1. Need one number: nm distance between label points at E177 and Q37, each 7 Å from Cα along Cα→Cβ, rounded to one decimal.
2. Could you tell me which of rounded, prolate or oblate describes region 31-155, using a ≥ b ≥ c as the square roots of the eigenvalues of the alpha-carbon gyration tensor, with rounded for a/c under 1.5 and, failing that, prolate when a/b is larger than b/c and oblate otherwise?
3. Provide the per residue accessible area, probe 1.4 Å, for region 48-126, rounded to a whole number of square angstrom.
4. Among the aspartates and glutamates, select those whose C-alpha is under 18 Å from the C-alpha of K151, and discard any that sit fewer than 8 residues away in the same chain.
5. Roughly to the nearest percent, how much of the accessible area of region 38-180 is carbon and sulfur, given a 1.4 Å probe?
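The values are calculated or read from the model by the stated rules, or taken from the named source; none is laboratory data. In this text the structure is predicted, and so the values were computed from the model without any measurement. We place every Cβ from the backbone using ideal geometry, glycine too, and count neighbours over all the protein chains shown. We work out accessible area using only protein heavy atoms, side chains counted, and drop any ligands, DNA or RNA first. Shrake-Rupley method; radii C 1.70, N 1.55, O 1.52, S 1.80 Å.
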Amino acid sequence: MKVFANVVLAVFLALVSVACSSDNEKDFNISQIDATQPFVLKFFEGGKTQIQVSENAIYSDLNKPVIYTFFTSWCEACKVEAQLLSTLNDKFKGKVAIIGVLMEDLEKKDIEAYKKDFNVNYKISIGTPNIILDKALGGVDGTPYTIIADKNGTIALAQGGLISLEILENLLTKMLENQI
């Protein structure tokens, strides 16, 4: 699975380097990025969040538990998970942030179609910062890959594959009850 993730990363980096229009992004080289420094995730819908990754933590400026779900548009399990996460977003609206971390370069119309087809009602981060996040975490192992960090940034769950709605609900409920 790690080989698969590396292939996806290599394809994404190739697409990013071809698709970028600014001189700075054309010269993008993941090996030159210091992923221990704070950086900004940009949302397809507009807006952004600053994050920093350290050992067993993803600190954000959101001040609430955050679900980071790494996904691709062609991944069947990701499509199922997108619908589960939208259900969670409705249930925990305002108390939990959900960020879909898109691990491929898609055109605007394709992202809009994905959101519509799978009822995605949460933010999707796009672009080079997603690759920086992947690098900072040591490389995710395929998609979907889900990380849940409490409001203080401590990672409570990091798991590849589809996770049941019940497990996610229980963990988030416990986090919110304990205010962690």
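1. 4.3 nm
2. On the way: a/c = 1.62, a/b = 1.24, b/c = 1.32.
Judged from the Cα gyration tensor, region 31-155 comes out oblate (a/c at least 1.5, b/c at or above a/b).
3. On the way: 3770 Å² over 79 residues.
Per residue, region 48-126 has an accessible area of 48 Å².
4. Cross-link targets: E55, D61, E169, E177.
5. Its accessible area is 49 percent carbon and sulfur atoms.
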